[in-house]
1. Considering only residues that are assigned to a loop (DSSP other than H, G, I, E, B), touching a helix residue (DSSP H, G or I) at 6+ places or on another chain (Cβ under 7 Å) and not hydrophobic (A, V, I, L, M, F, W, C), which ones fall in segment 36-59?
2. Being surrounded by fewer than 20 Cβ atoms within 10 Å (Cβ to Cβ) and either at pLDDT 95 or above or touching a Gly at 6+ places or on another chain (Cβ under 9 Å) (or both) is the filter here; which residues of segment 71-92 pass it?
3. Can you tell me which residues in segment 97-129 are under 19 Å from the mean Cα position of the chain (by Cα) and farther than 17 Å from A254 by Cα?
4. Of everything in segment 99-115, what is over 23 Å from A439 (Cα atoms) and not in a strand (DSSP E or B)? Give them in sequence order.
5. Out of all the residues in segment 94-108, which are within 16 Å of ligand 1 (Cβ to nearest atom) and surrounded by 15 or more Cβ atoms within 10 Å (Cβ to Cβ)?
6. So for segment 319-329 (the condition being in contact with a Lys or Arg (Cβ under 7 Å, 6 or more places away or on another chain) and away from ligand 1 (no atom under 16 Å from the Cβ)), does at least one residue qualify?
7. Write out, first by first residue and then by second, each pair whose Cβ atoms fall under 6 Å of each other, whose residues are 6+ apart or on separate chains, and whose first residue, in segment 359-371, is among the aliphatic types (A, V, I, L, M) while the second is assigned to a loop (DSSP other than H, G, I, E, B).
8. Please tell me if V277 is under 24 Å from G204 (Cα atoms), of a type outside the set (S, T, Y) and either touching a Phe, Trp or Tyr at 6+ places or on another chain (Cβ under 6 Å) or more than 16 Å from ligand 1 (Cβ to nearest atom) (or both).
Amino acid sequence: MARRNWLALAAVLVLSSCTRLTPEQQLLADAAKALGGADRVRAVRTLSLEGDGRNFNLGQDMRPEAASQTFTVSGYRRLVDMGSGRVKVEQTRTPNFAYFQGPQAQRQIAGIDGDIAYNVGANGAPGRVGALVAQERKTDYFHHPLTIVRAALDPVTALSNMRTTGSERLIDVGTSSGQTVTLAIDAAGLPTRTSSQSYNANLGDVTLTTTFSDYQDVAGLKLPAHITTKVDDFTTADLRMIRQAVDGEIGDVAAPPAAASAPAPAPPTPTVTADSVAPGVWFLAGQSHNSVLVEFADHLTLIEAPLSEPRTLAVIAKARELNPGKPLTQVVMTHHHFDHTAGLRAAISEGLTVITQSGNKAFVETMASRSHSRQPDALTRNARPATVEVVDDDRVLKDSTMEMDLYHVNGSPHSDTMLMAYIPKARALVEVDVFSPGAAVQPYAANLIENLAARKLRVDRIVPLHGAIVPFSELTKTQASTKAN
Ligand SMILES: [Zn+2]
Ligand SMILES: [Zn+2]
């Protein structure tokens, strides 16, 4: 073939390959170009981000709908090794509210290395964390413009579902490691956000979104200096990068050997112990979160469906085993915090009516109606709406054999919508989080004492939903020592 024919053929091939770009490929080409060019993006070996900002308190704030509690984040560092996909994130967070662990700053280190997800505790000891967290962190690796566009440029990556929203274009990026992450770019081609689907035991199916803005020039690339993360519509972090570096020295970001050699922790098999508190009252313990069972003349009432579906189903089974002749019909939910409500959907699936403070009603109804398609749970298999009865300030549950009084814990700095239960014939107070026997700090105990005084309750024993049953003097002692300090 003559030389000019070769050139003509080459021209045709270039032309046809240009015209054959799919909308997905065009989007990717535009994104790569905006970030600094495909070759520059492909060449990056490491990324180091340093900054500060805020974390929010999803599932642990004052009210179910609140986003008022924040931690100030300082010393944020995200170190990414592009070749291995290893990521290590370090930060110091300081609560701006009455935190149950006290007001001091906490250093946090979290990482992912292959299938090994790990955290390093405040004492410096690394620990491996479970497979679900590992999966989430492996996907989170792609929640940055550089990592997602670099992955998308890999020919084995599947690009699909191009769509347009306003001036933005979006595609789904199916990575070779099995993650699917949606990438959105603006009219200039710069990534505005990434999102992926995940699962939360309380919320069910959720969308995790990371947004990018304030792009800066860094070593021939454009990198966002403002990054926020969300779970559905709830902002979980808002961070500003002070220093960004590409291909700098990031040190060792491999999983610490103690975490790498440990097996992935599996969820514990529920252990439910039952101890009699008084006739017709049982303390159901055995793990970190307790429940209490109360026997009325013709039915049983449970206090708290915590921790997980397996835990709550085991607690319900124990309640029925203790009293096979009476139906378990109600569960009292003390407050909305996710660890104390992670079994609530299971309780609803078992037909239990939920009794809670009126500020939690919408939360319970929404929780019961959310989709859990990614990990179908008991309520997905046995769908039914929640039946919710509310307590505003106080409510007496009473029949011929039992009385239990439910009270709103007014003004608690732990939660605005907190209930406690008082069983007069046992002079027993059932409470959670506002006093935890044995805990080093008790930031909510003074308010509890005020509530007990205002209600004129005569308490002999505290039956806590964290820790062991203690005499009332343990609570007053705590306050005496707080004053002494
Ligand atoms: Zn709580
Ligand atoms: Zn708690």
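1. Kept after step one, since they are assigned to a loop (DSSP other than H, G, I, E, B), are these residues of segment 36-59: 36-37, 44-45, 57-59.
When the remaining residues are screened for being touching a helix residue (DSSP H, G or I) at 6+ places or on another chain (Cβ under 7 Å), the result is 44, 59.
Within segment 36-59, G59 is the sole residue that qualifies.
2. First pass over segment 71-92, keeping only residues surrounded by fewer than 20 Cβ atoms within 10 Å (Cβ to Cβ): 72, 74-75, 77, 81, 83-85, 89-90, 92.
T72, S74, G75, R77, D81, S84, G85, V89, E90, T92 - these are the residues of segment 71-92 that are surrounded by fewer than 20 Cβ atoms within 10 Å (Cβ to Cβ) and either at pLDDT 95 or above or touching a Gly at 6+ places or on another chain (Cβ under 9 Å) (or both).
3. F97, Y99, F100, Q101, Q106, R107
4. Passing the criteria: G114, D115.
5. P95, F97, A98, Y99, F100 - these are the residues of segment 94-108 that are within 16 Å of ligand 1 (Cβ to nearest atom) and surrounded by 15 or more Cβ atoms within 10 Å (Cβ to Cβ).
6. The answer is yes; a qualifying residue exists.
7. Pairs that qualify, where the first residue is among the aliphatic types (A, V, I, L, M) and the partner is assigned to a loop (DSSP other than H, G, I, E, B), are V364/A386; A368/A386.
8. The answer is no for V277.
The values are calculated or read from the model by the stated rules, or taken from the named source; none is laboratory data. Computed from a predicted model, the values in this text were never measured in an experiment. Every residue, glycine among them, receives a Cβ derived from its backbone with ideal geometry; neighbour counts consider all protein chains shown.
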